[in-house]
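The values are calculated or read from the model by the stated rules, or taken from the named source; none is laboratory data. Because the structure is a prediction, the values reported are computed rather than measured. Methodologically, a virtual Cβ is constructed for each residue, glycine included, from the backbone with ideal geometry; neighbour enumeration extends over all protein chains shown. In case anyone asks, the SASA skips ligands and DNA or RNA and just uses the protein heavy atoms, side chains included. Shrake-Rupley method; radii C 1.70, N 1.55, O 1.52, S 1.80 Å.
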Amino acid sequence: MAEEKTPASGTLVIGLGRFGSAVALTLDKLGYEVLAVEKDSRRVQQFSGRIPVVEADASSMEALNQLGARDFYSAVVGIGSSLEASVLITANLVDIGMTNIWAKAISREHSRILRRIGAQHVVAPESDAGQRIVEQVHVRLVNVEIGGLVDDLGHAQLNRARRAVVAGAARDLAHHGHEQVGVGGCGVHRDIA
């Protein structure tokens, strides 16, 4: 029976653009095992000595096998510049049995394709960041608008009012096509009392 993979088995990060390099450097800084894969020799040189990195074309099944990709706990496909490469790499990772794949999507259609071929987690960094900013800005504006009510309402009623306004904002965001919005979402919970 094969040994069960754990986070200690490491993460394979494919593509060292802004997203992939941020993931790889952060994982390394936090003490996790990471192996970065990049086909651009200039980027490999740029990150050599900072993180473990190899030059390879991860869209090749042979390259993934040579890297021992199936032995890693997770993989992050950080390629957004080439839809074809992103899809091929993700499909190859699925084919070798990787069960914890995080893939970067650059559009809704790209996200849908990545999910269909087996990526368990699809991230849209720009869209996700935009949603978090809206949530944080909206909550801060709400705090300013109703902050003067504390004298009139008391703290318990003010907190209920803030939660009601934030819940309304979450419903508004969901109504406008944001699929994963919740009151306890990133950034919102932190700003309400």
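Leaving ligands, DNA and RNA out of it, rank Lys5, Lys39, Lys29 by accessible area with a 1.4 Å probe, largest first.
Largest to smallest exposure gives the sequence Lys29, Lys39, Lys5.
For region 3-56, report the accessible area per residue in Å² (1.4 Å probe, heavy atoms, rounded to an integer).
With all protein chains present, region 3-56 gives 60 Å² per residue.
Could you work out how far the C-alpha centroid of region 87-107 sits from that of region 1-55, in angstrom?
Computed from Cα coordinates, the inter-centre distance equals 15 Å.
Once you have a ≥ b ≥ c as the square roots of the Cα gyration tensor eigenvalues for region 1-127, tell me rounded if a/c is under 1.5, and otherwise prolate or oblate according to whether a/b is larger than b/c.
Verdict is rounded for region 1-127.
Obtain the nm distance between the two label points defined at Leu30 and Gln46 by a simple spin-label model: each point lies 7 Å from its Cα along the Cα-to-C-beta direction.
Modelled inter-label distance: 2.3 nm.
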